[in-house]
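Encoded as structure tokens, the structure appears first; notes follow it.
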Amino acid sequence: MDDRIYWIGFTYVRGIGAVRFRGLLQAFPDLQTAWNAPASQLAEAGLTAKIIENLHQVKKQIDLERILANIQKAGIHILTWKDENYPRRLKEIDQPPPVLYTLGELTVQDEWAAAIVGTRRMTGYGRQVTEELTELLAHHGVTVVSGLARGVDASAHQTALKHGGRTIAVLGSGVDRIYPPEHRKLAAEIAENGAVISDYPPGTPPESNNFPPRNRIISGLSRVVVVIEAGITSGALITSTFAAEQGRDVFALPGSIYANQSKGTNRLIQQGARPLLEPKDVLDALNIEQVQEYRQARLDLPADPREQQIMDALGYEPVHIDDLGHAIGWGMDALTSTLTMMELKGMVRQVGGMNYILVKEKGILYQADKK
């Protein structure tokens, strides 16, 4: 049986998030064992009595094999922590979602992404800035991330698509429960030119308490977060808080002190966010020259002999940079610079602690001879 079926199963259990997923993976050899474990062992793994009861109820109510079959039939992809194409930047945040459900495709290009978020009741000023900024990002190959909501979010997605850019929509519901419903067509277009993603399992309705947690994914996927317009209680401010905690650059669009839509963004600037004075500010924060270098580097595949030597020494288990240098007999400066270029090309990935692995994209291994 596909091991992912148990990852899926646990996402249906209320109360099991990233922390308890890690606890289960540490306490049991695999999630199948955890799924079938007695209550006493689950308690030892850190699950409360209430969560254990939730698990038992879920096991009675759902058929895992049928759920997996329905997911596959709907064209929904599943990414877990163990998958090498799980978004690298997202995996590095505190408590990354253990499972992502996606319509469309996440690619290495999406590692250069900017989030654009804001109020559902944007002004003409907010729309103009959203469109100008998104167009600029799309033309420079930067993926635009937002939440598919009315207002700023929808404008950002639509403008990215209009100008041939990639865009990612992060939902507060299952990817089969598009909200708001009038954005179903937009979501389908996004899936064709990016991805619609959620950490909530299919069938999850768009409940209000689902939206604040999903904002950590919007910021986690992005290098920069831009808040266009937001009231004092806007959910976009939650995204900016997550962004700051994750070490992302946060921009806020200044506005009239008398406009409700600008009270939140003006407050962000007062608290230390960077004022968005012109769209180019975001390109500068993204180090757009590096983005262009990356895009050119993708055209330079396959690997040259030095890169091939590194790839021959790597596999799909992490190798520390010191061990890699010892294995191929290189100095640290040459090794670091070559690995940096290979990361830009999407050939290798750093998985934390200066450990590296090989990377696949669309099933093709960037290595000519390795079996």
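The values are calculated or read from the model by the stated rules, or taken from the named source; none is laboratory data. Please read these numbers as outputs of a predicted model, since none were measured by experiment. Note that we place each Cβ from the backbone using ideal geometry, even for glycine, and neighbour counts take in every protein chain shown.
Some notes on this structure:
- Taking each residue of the range 180-201 that is not assigned by TED's automatic domain parsing to the domain that holds Ala69 and looking for partners that are part of a helix (DSSP H, G or I) and of a type in the set (S, T, N, Q) with beta-carbon atoms closer than 8 Å, six or more apart or interchain, yields Leu186/Gln158; Asp199/Thr11; Tyr200/Thr11; Tyr200/Asn210; Pro201/Thr11.
- From the options Thr119, Thr130, Thr102, residue that is part of a loop (DSSP other than H, G, I, E, B) and either within 30 Å of Asn355 (Cα to Cα) or in contact (Cβ under 8 Å) with a residue 40 or more places away in the chain (or both): Thr119
- Set side by side, the residues His140, His163 differ, and just one is more than 11 Å from Pro279 (Cβ to Cβ) and either modelled with pLDDT under 95 or of a type in the set (Phe, Trp, Tyr) (or both), which is His163.
- Residue count for the range 225-239, restricted to those that are in contact with a Ser or Thr (Cβ under 8 Å, 6 or more places away or on another chain), part of a helix (DSSP H, G or I) and small (Gly, Ala, Ser): 1
- Output for the range 328-341, where each listed residue is surrounded by 13 or more Cβ atoms within 10 Å (Cβ to Cβ) and farther than 19 Å from Val351 by Cα: Ile328, Trp330
- Some residue of the range 300-320 being loosely packed, with under 15 Cβ neighbours inside 10 Å and modelled with pLDDT of 85 or more: yes
- Matching residues, the range 243-279, being within 24 Å of the chain's Cα centre (by Cα) and exposed (fewer than 12 other Cβ atoms within 10 Å of the Cβ): Gly247
- Filter result for Ile190 (in contact with a helix residue (DSSP H, G or I) (Cβ under 7 Å, 6 or more places away or on another chain), buried (at least 23 other Cβ atoms within 10 Å of the Cβ) and over 22 Å from Gly75 (Cβ atoms)): no
- Looking across the range 284-297 at every residue that is at pLDDT below 85 and crowded, with 16+ Cβ neighbours inside 10 Å, the one that is farthest from the chain's Cα centre (by Cα) is identified as Ala297.
- Any hit, the range 69-92, residues being among the aliphatic types (A, V, I, L, M) and without any contact (Cβ under 8 Å) to a residue 12 or more places away in the chain: yes
- Condition check for Tyr6 on (1) without any contact (Cβ under 8 Å) to a residue 60 or more places away in the chain; (2) within 18 Å of Val99 (Cα to Cα); (3) of a type outside the set (S, T, N, Q); (4) in a loop (DSSP other than H, G, I, E, B): one failure, at (4).
- Filtered residue count, the range 17-54, keeping only those that are out of contact with any Gly (no Cβ under 9 Å at 6 or more places or on another chain) and among the hydrophobic types (A, V, I, L, M, F, W, C): 11
- Residues (among the hydrophobic types (A, V, I, L, M, F, W, C) and either surrounded by fewer than 22 Cβ atoms within 10 Å (Cβ to Cβ) or within 11 Å of Thr134 (Cα to Cα) (or both)) located in the range 153-177: Ala154, Ala156, Ala160, Leu161
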